[in-house]
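Peer 1: My structure is below; once you've seen it, I'll send some questions.
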Amino acid sequence: MTATILDGKATAAEIKDELRVRVKALAERGVTPGLGTVLVGADPGSQAYVNGKHRDCAEVGIASIRRELPADATQAQLDEVLTDLNADPACHGYIVQLPLPAHLDTQRALEMIDPDKDADGLHPVNLGRLVLGYDAPLPCTPRGIVELLRRHDVALRGAKVALVGRGNTVGRPLGLLLTRRSENATVTLCHTGTLDLAAHTRAADIVIVAAGVPGLLTADMITPGATVVDVGITRVIGADGKGRYTGDVDPEVAEVAGALVPMPGGVGPMTRAMLLTNVVERAERG
Ligand SMILES: Nc1nc2c(c(=O)[nH]1)N[C@@H](CN(C=O)c1ccc(C(=O)N[C@@H](CCC(=O)O)C(=O)O)cc1)CN2
């Protein structure tokens, strides 16, 4: 068996086409959605991700608001930028690019974001709203995974899902999304303390791996025909001395799985598309 590839890049492109139409409708009401980004320091990876977000904005007609601080910025300087963005009516949602330099308090920065402008959906108030089933901006990666599966007709209702990883940005919120009444999947949340991980992944119709451990899921760990989602993205240095990104799923899994969300080209582009979606939704609310 060779898995059907669930192409996140193509699906994200479809979503961006749909967003372009919604942005045009907003323009007719005199509203231009605005996404803000806060970048501290000059890490090349973070700069590339922020540039990518602004390219995405330009593609769909969202206004870009860029705030940059030097690597040695103080917490007070960062607070000031966040306070400004909270008050800026042109900014419907914004993100603080992570990771922040080690001397800054990330949790404090995330908590300073106005929850109604939290484009990443990672503010504790919004994660709390998600737990309680209230309306809230949803975290982009979990939302992107559910959207990708839905658009490729992967049945979630009644499905057994093994979710590997309990982090606050993917594993935990994704478990909450998948167990909402609208999705109705049955989720086993696995983590580093799970005994016999393979027994859980083999019993699952859908295996989602967000552990940050390259090649963690091997072909013998899934049932033939299962759907596999690779959320891992770890930078490794190859034999040629060059850096590259690798996922949590061993390439041989593609020979056994029925469907595979690959890395690259799967969850990453969907995460970016959901960030834009969160901003457009905020602008539509007025
Ligand atoms: N505030 C945030 N900070 C960070 C986030 C985030 O969602 N919010 N996630 C990552 C970086 N990131 C976006 O910021 C991001 C990472 C990877 C991709 C992506 O599309 N990756 C490609 C493969 C790698 C590549 O080609 O560069 C893929 O999966 O196809 C998008 C966004 C940390 N910080």
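Peer 1: Per residue, how much accessible area does the chain show when a 1.4 Å probe rolls over the protein heavy atoms, in square angstrom?
Peer 2: Per-residue value: 47 Å².
Peer 1: Still on this structure, I have one more. For labels at THR234 and THR186 in the simple 7 Å Cα→Cβ model, what's the distance in nm?
Peer 2: Distance between the two pseudo-spin positions: 3.1 nm.
Peer 1: What residues qualify as long-range amide H neighbours of CYS190, i.e. H under 5 Å apart, gap of 5 or more or another chain, H built at 1.01 Å from N?
Peer 2: So CYS190 has HN proximity to LEU163, VAL164, GLY165.
Peer 1: Same structure again: Determine the gain in length on full extension of the stretch THR74-ILE5; use 0.36 nm per residue of separation and subtract their C-alpha separation, reporting nm with one decimal.
Peer 2: Residue separation times 0.36 nm, minus the Cα-Cα distance, leaves 20.4 nm.
Peer 1: For ARG20 and VAL125 in one chain, what is 0.36 nm times their gap in residues minus the Cα-Cα distance, to one decimal in nm?
Peer 2: 34.9 nm
Peer 1: How high is the FRET efficiency from ALA199 to ALA58, r the C-beta distance, R0 51 Å, rounded to 0.05?
Peer 2: Working: r = 48 Å, r/R0 = 0.93.
After rounding, the FRET efficiency stands at 0.60.
Peer 1: Based on the alpha carbons, how large is the Rg to Rh ratio for the range 140-268 when Rh follows Kirkwood?
Peer 2: We get a ratio of 0.95 for the range 140-268.
Peer 1: Distance from the Cα centre of the range 121-160 to that of the range 1-50, in angstrom?
Peer 2: Here the answer is 17 Å between Cα centres.
Peer 1: When the chain is fully extended, how far beyond the present Cα-Cα distance does THR106 get from TYR245, taking 0.36 nm per residue of separation?
Peer 2: 47.6 nm
Peer 1: Return the sequence-ordered ³J(HN,Hα) values of the range 133-148 in whole Hz as given by the Karplus equation 6.51 cos²θ - 1.76 cosθ + 1.60 applied to θ = phi - 60°, using x for Gly and Pro.
Peer 2: Once θ is set to phi - 60°, the couplings for the range 133-148 become x, 8, 5, 6, x, 8, x, 5, 5, x, 4, x, 5, 4, 5, 5 Hz.
Peer 1: Where both partners of a DSSP beta bridge lie in the range 140-268, what percent of those bridges are antiparallel, to the nearest 5?
Peer 2: Bridges in the range 140-268 are about 20 percent antiparallel.
Peer 1: What is the range 29-115 by shape, rounded, prolate or oblate, if you read a ≥ b ≥ c off the alpha carbon gyration tensor as root eigenvalues and call it rounded for a/c under 1.5, prolate for a/b larger than b/c, and oblate otherwise? Numbers along the way, then the final one.
Peer 2: Working: a/c = 2.48, a/b = 1.38, b/c = 1.80.
Since a/c reaches 1.5 but b/c is at least a/b, the shape of the range 29-115 is classed as oblate.
Peer 1: Turning to a different aspect of this structure: Against the longest alpha carbon principal axis of the chain, how many degrees, from 0 to 90 and to the nearest 10, is the axis of helix 8-28 turned?
Peer 2: 30 degrees
Peer 1: Oh, and also: Take every DSSP beta bridge whose two residues both sit in the chain, then give the antiparallel share in percent to the nearest 5.
Peer 2: Within the chain, antiparallel bridges account for around 10 percent of the total.
Peer 1: Average projected area of the Cα convex hull of the range 99-166, in nm²?
Peer 2: Approximately 6.2 nm², given one-decimal rounding.
Peer 1: Next up: From the phi angles alone, apply the Karplus equation (6.51, -1.76, 1.60; θ = phi - 60°) to the range 233-242 and give each ³J(HN,Hα) in whole Hz, x where the residue is Gly or Pro.
Peer 2: Running phi through 6.51 cos²θ - 1.76 cosθ + 1.60 with θ = phi - 60° gives 8, 10, 7, 10, 9, x, 4, 7, x, 9 Hz.
Peer 1: Helix 75-87 sits at what angle to the longest principal axis of the chain, using alpha carbons and giving 0 to 90 degrees rounded to 10?
Peer 2: Between helix and principal axis, roughly 80 degrees.
Peer 1: Hey, with R₀ at 30 Å, roughly what FRET efficiency would ASP116 and ALA27 work out to, going by the Cβ-Cβ distance, to 0.05?
Peer 2: Values: r = 22 Å, r/R0 = 0.73.
Efficiency at R0 = 30 Å is approximately 0.85.
Peer 1: Still on this structure, please answer the following. Each residue of the range 97-111 in turn: what ³J(HN,Hα) in whole Hz from Karplus with 6.51, -1.76, 1.60 and θ = phi - 60°, glycine and Pro shown as x?
Peer 2: In residue order, the calculated couplings are 5, 10, x, 7, x, 4, 6, 9, 8, 5, 4, 4, 4, 5, 6 Hz.
Peer 1: What is the percent carbon and sulfur in the accessible area of the chain, measuring with a 1.4 Å probe over the protein chains and ignoring ligands?
Peer 2: Values: 7160 of 13360 Å².
The C+S portion of the solvent-accessible surface of the chain is 54 percent.
The values are calculated or read from the model by the stated rules, or taken from the named source; none is laboratory data. Predicted model, so just to flag it, every value in this text is computed and none were measured. For neighbour counting, all protein chains shown are included, and Cβ atoms are generated from backbone atoms with ideal geometry for every residue, glycine included. Remember, those area values only see protein heavy atoms, side chains included, never the ligands or the DNA or RNA. Shrake-Rupley method; radii C 1.70, N 1.55, O 1.52, S 1.80 Å.
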